[in-house]
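> Let me begin by handing over the structure; questions about it come next.
Every read-out reported here was derived from the displayed coordinates using simple, explicitly stated rules and does not represent laboratory data. Just so we're clear, the structure is a prediction, and the values are computed from it rather than from any experiment. All Cβ positions, even for glycine, are placed from backbone atoms using ideal geometry, and neighbour counts span all protein chains on display.
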Amino acid sequence: MEKRDTRSEIIRVGTDHIARQGFKAAGIDAVLKEAGVPKGSFYHYFKSKEEFGLAVIDHFAEHFEQRLDVFLDDEEVAPLNRIRNFFESGLTRLSQNQCTRGCLIGNLGQELADLNERFRARLDEIFGMWRERFALCLRAAQRQGELPDALDPNTTAGFILSGWEGAILRAKVMKSPQPMRDFVDVLFGSILRKH
């Protein structure tokens, strides 16, 4: 019989709850009940709800990093198409969940950045890593002649990340993927092209 990784199961279930309800509204009791873990066990795995929240953030970031790897590291695809494919995949995923979930890191940034410095710092670090992943792909696009040398990859990557996160927020508010579609269309029609 396979031994169950209780801590990982609590984090997995907690990630789902927090993605749907936000951090403050996600009750530990409901997470533990769904995970099939006795309430007293929570503090065996986590010192506090804050530690639990940080573990959820790291879990989500790790899985998101794997998605970035799949798309942005695919050397069979031209660099700008890697970025486009990543965004098209995200648009499809949000459409499939009826624009209800969005990006957990973006959601938590909006909910917690002003309330908890540890959360703010970790979320900022994750956004910085994502920005760098886009910048690396933009540099590859420059090397292959897809983008002009004058384009600043770091600034453009920051713009892309901010625009994408904003488009996800608007999609959730509108209950429509249209803001994300508009973002992708404008990004590749006007900004990420050789001038």
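> Are there DSSP H segments in the chain that both extend 27 Å or more along their axis (alpha-carbon positions) and score a mean Kyte-Doolittle hydropathy of at least -1.0? List them, or say none. Write down the numbers at each step before the final one.
Numbers: long enough: 49-72 (33 Å, -0.02); 117-143 (39 Å, -0.53); 153-174 (31 Å, 0.44).
Span-like helices here: 49-72, 117-143, 153-174.
> First select every other residue whose beta carbon is under 10 angstrom from the beta carbon of residue 78; then total the charges, Lys and Arg +1, Asp and Glu -1.
Details: positive: 82, 84; negative: 74, 75, 76, 146.
Result for the local shell: -2.
> Further, regarding this structure: From the residues 91, 63, 130, which one has its Cα farthest along the dipole of the stretch 58-191 in the positive direction, the dipole being from +1 and -1 charges on Cβ of Lys/Arg and Asp/Glu about the Cα centre?
The Cα lying farthest towards the positive end belongs to 91.
> For a quick check, take a GNM of the chain with Cα springs below 10 Å and name the residue from 184, 31, 173 with the largest mean-square fluctuation.
Highest fluctuation among the options: 173.
> Along the charge dipole of the chain, pointing to its positive end and built from +1/-1 on Cβ of Lys, Arg, Asp and Glu, which listed residue (113, 14, 25) has its Cα farthest out?
Positive-most Cα among the choices belongs to 25.
> Rank 25, 78, 55 by mean-square fluctuation in a GNM of the chain with C-alpha springs under 10 angstrom and give only the top-ranked residue.
25
> Placing +1 at every Lys and Arg Cβ and -1 at every Asp and Glu Cβ, with all other atoms neutral, what dipole size does the chain have around its Cα centre, in debye to the nearest 20? Please list the in-between numbers first.
Working: 28 positive and 29 negative charges, 116 e Å.
Here the size comes out at about 560 debye.
> Here's a follow-up. Can you give the helix-only mean residue ellipticity at 222 nm for the chain, where every DSSP H stretch with n ≥ 4 adds -39500 (n - 2.57) and the sum goes over all residues, rounded to the nearest 500 deg cm²/dmol?
-23000 deg cm²/dmol
> When a/c is below 1.5 the answer is rounded, else prolate if a/b is larger than b/c, else oblate, so apply that to the stretch 102-154 with a ≥ b ≥ c taken from the square roots of the Cα gyration tensor eigenvalues.
prolate
> Ok, one more. For the stretch 39-139, give the magnitude of the charge dipole about the Cα centre (Cβ charges: +1 Lys/Arg, -1 Asp/Glu; no others), in debye to the nearest 20.
Values: 14 positive and 17 negative charges, 66 e Å.
Rounded to the nearest 20 debye, it is 320 debye.
> Taking the alpha-carbon centroid of each part, what is the distance from the stretch 1-78 to the stretch 120-152 in angstrom?
Value for the Cα centre distance between the two parts: 27 Å.
> Let me ask another. How far apart, in nm, are two points set 7 Å out from the Cα along the Cα-to-Cβ line at residue 43 and at residue 62?
Reported label-point gap for residue 43 and residue 62 is 2.6 nm.
> First select every other residue whose beta carbon is under 15 angstrom from the beta carbon of residue 51; then total the charges, Lys and Arg +1, Asp and Glu -1.
Values: positive: 7, 47, 49, 118, 122; negative: 50, 58, 117.
Surrounding charge for residue 51 is +2.
> What does the net charge come to around residue 28 if you take all other residues with beta carbon closer than 10 Å to its beta carbon, with K and R at +1 and D and E at -1? Provide the component values of the computation, followed by the final result.
Working: positive: 33, 39, 49; negative: 29.
Here the charged neighbours net out to +2.
> In a GNM of the chain with a 10 Å cut-off on Cα contacts, which of 76, 132, 62 has the highest mean-square fluctuation?
Evaluated over the chain, the most mobile residue of the options is 76.
> Would you check the chain for Lys pairs whose C-alpha atoms are within less than 27 Å, ignoring same-chain pairs closer than 8 in sequence, and give me the count?
15
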